[in-house]
Amino acid sequence: MPASTPDFFSEPPPPPASAKPEPRVFSVTEVTRAIRGVIESAFDEVWVQGEISNFRQQASGHQYFTLKDQECQLACVQFARGGLWRKSPPLQDGMLVQARGRLTVYEARGQYQLVVSLVQAAGAGMLQAKFEALKRKLAAEGLFDAETKRTLPRFPRAIGIVTSPTGAALRDMLNILSRRAPWLRVIVSPARVQGEGAAAEIMRGLADLQRLAETGAAPLDVIILARGGGSIEDLWEFNSEPLARAIAASALPVISAVGHEIDFTIADFVADLRAPTPSAAAELVAPDAEELRRLFEQRAAQLRRHVVATLSAARTQLTGLMRSTLFREPRQRLEQAAQRLDGLDQSLRRAAPDRLARLRQRVTGAEAALRHHRPDQQLAMFRERLAGVAGRLAERATRQLQQQHERLARAADKLRLLSPQSTLHRGYSLTTDTKGQLLRSAAGVTEGATLVTEFSDGKVESTVQRVQSTRTKNGGANRRKPKA
C-alpha cells in the first residue's frame with residue numbers, strides 16, 4: 001500500500017467503552033489517491049477487448065476513446081509519446097479492438113482509465129496465425145514457386161479486372177489505362193471485395209473472364225484482381241484457400257493488386273505478379289503510349305540512318321563500277337572478246353580433222369579386235385586346242401601305260417628269279433619242322449626231331465639221329481645236313 005494511502009482501509013482500533021467514536025473525514029484527493037494506489041498496485045499491464053466509441057484525437061496527438069461492451073465501458077487514453085500510436089491501425093468508432101495498457105485513475109475527474117500502449121484489431125492474432133498456416137501449406141505444395149510464374153505480355157490487347165465497380169481503385173486504374181494505353185480494351189467483372197462471401201464472387205469473376213478468353217469473345221491476355229487498402233479483416237477474403245487455388249489454375253496470367261504496399265495476402269503469393277497497389281498494377285500491365293512514341297521515333301531515326309548509309313554505300317559502289325574499264329571501254333572489250341572467239345574457232349577447225357582421223361583409227365582397231373574376238377572364231381579355236389590337248393593326253397596315257405607294263409614285267413622277272421621255286425630248281429632245298437618253321441642252322445635241330453625237306457619236285461620227311469656242328473676260327477658255325 002503506498003505511503004499516501006489513508007489508513008481508513010485498515011481496521012480502526014476499537015473505541016473505548018466509555019467514549020463515543022468520532023468519524024474520520026477524508027478529502028476527495030485522499031480518497032482518489034488511495035483508490036489509485038490500490039488499482040495500480042493490484043494490476044500490471046492488461047489486455048482489454050471492446051468496441052471503440054467517442055473517439056477523438058487532440059491537436060497534441062493524444063487519442064481519447066471509450067471501450068465498451070454490452071454492460072460496461074472503460075475510458076482510454078493513448079498518448080503520442082514518440083509517435084508510438086502511429087504503429088497501431090487507424091482508430092474509429094465502432095471498431096472492435098484489443099488494447100494493451102495499465103490501469104490508473106485520472107484524479108482530476110476521479111475516473112479510472114486505461115493508459116493504452118498498443119492497439120490491434122480484435123482477432124488479428126488469430127487471423128495472422130491462420131494466414132501463416134495457409135501460407136506454409138500452399139508453399140509446400142509449390143503454388144508459390146517462381147518456376148510456375150508466367151511472364152506478362154508486353155503489349156496486351158485486352159485485360160480483365162475483377163474488383164468492386166464502385167470502388168476508387170477501379171477509377172484510378174481506368175484513368176491510368178486510358179492515359180497510358182488508350183487503345184487497350186478493358187473488361188470489368190464486378191465482385192464484392194470485402195466481407196463474407198466476397199471470395200466466392202471473386203472466383204466467379206475470374207472464371208467468367210477466362211470463359212470469355214476461351215470462347216474467343218474477348219482477346220484477354222491478363223487478369224487483375226484489385227482492391228484498395230484496409231485492415232486485415234477487410235482484406236481477409238483474399239486469403240481464401242479456394243481463391244488461391246483458382247488463381248493458380250488460371251489459364252491466363254493473374255496480377256494481384258490488393259491493399260497498400262505494406263499489405264500482403266495469399267493471393268499476392270499465388271499470383272504471377274504482385275503489384276503494391278491497383279494503380280501500380282495498371283502501370284505495370286499497360287505500356288506507356290508516350291514511351292512507345294519515343295521508342296518508335298528512335299527506331300525510325302535508326303532506320304533512316306541505316307537506309308541513308310546503305311544508299312551511300314551503293315552509290316559509292318556504282319560510281320566505282322562506272323569508272324572501271326568495263327564501263328569506260330565497252331567496245332574494246334567486245335572487240336577483244338570477238339578476236340578471242342575467232343582464234344578459238346580457227347583452232348577448233350584445225351583440230352577437228354585430226355581428232356576425227358584419230359577417232360577413225362581407234363574405231364578401225366576396235367573393229368579388228370572385235371572380229372578377232374568373235375565368239376564363233378573363239379569357239380573353233382578352243383575346239384582345236386581341246387582336240388590337240390586330248391590327243392596329247394591320250395598319247396601320253398598310252399605311253400605311260402606301256403611303260404608301267406614294261407616295269408611290271410621286269411619286276412615279275414626279278415621276282416621269279418628270287419622266288420624259292422627258282423632256288424629249288426637250281427638244286428637247293430628248304431628244310432622245315434613239322435609246323436612249317438624254316439630251319440636256318442643246326443643249332444635249332446634236336447635229335448629225334450622230324451624234318452620236312454622240300455625239293456623242286458617234292459617233299460621228304462626225315463628223322464634226326466645225330467647232330468654235329470663245326471665252329472670256325474672266329475666262333476662261327478657251319479650247318480650240316482642231318483642224316484636221314
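Where helices (runs of 4 or more DSSP H) sit wholly within the range 243-331, those with at least 3 residues that are among the charged types (D, E, K, R) occupy 289-323. Annotation note: Cβ proximity below 9 Å between a residue of the range 393-420 that is surrounded by 10 or more Cβ atoms within 10 Å (Cβ to Cβ) and a residue that is in a helix (DSSP H, G or I) and not β-branched (Val, Ile, Thr) (sequence gap 6+ or interchain) occurs for Arg416/Ser422.
The set of residues in the range 212-229 that are outside any strand (DSSP E or B) and either touching a Ser or Thr at 6+ places or on another chain (Cβ under 6 Å) or closer than 15 Å to Ile202 by Cβ (or both) contains only Gly228. The selection criterion, being surrounded by 14 or more Cβ atoms within 10 Å (Cβ to Cβ) and hydrophobic (A, V, I, L, M, F, W, C), does not hold for Ala129.
Exactly one residue out of Leu138, Leu152, Leu134, Leu143 is under 21 Å from Gly197 (Cα atoms) and either touching a helix residue (DSSP H, G or I) at 6+ places or on another chain (Cβ under 9 Å) or not assigned by TED's automatic domain parsing to the domain that holds Gly197 (or both): that is Leu134. Among the residues of the range 135-170, the ones that are surrounded by 11 or more Cβ atoms within 10 Å (Cβ to Cβ) and either in contact with a His (Cβ under 6 Å, 6 or more places away or on another chain) or of a type in the set (Lys, Arg) (or both) come to 5 in all. Among the residues of the range 270-300, just one is crowded, with 22+ Cβ neighbours inside 10 Å and of a type outside the set (A, V, I, L, M), namely Pro278. Ala300 meets the conditions (1) outside the structural domain of Ser189 (by TED's automatic domain parsing); (2) within 30 Å of Glu132 (Cβ to Cβ) in every case but one. The failed one is (2).
The values are calculated or read from the model by the stated rules, or taken from the named source; none is laboratory data. On a predicted model such as this, the values are computed, not experimentally measured, just so you know. No Cβ is skipped: glycine too gets one built from the backbone with ideal geometry, and neighbour counts run over all protein chains shown.
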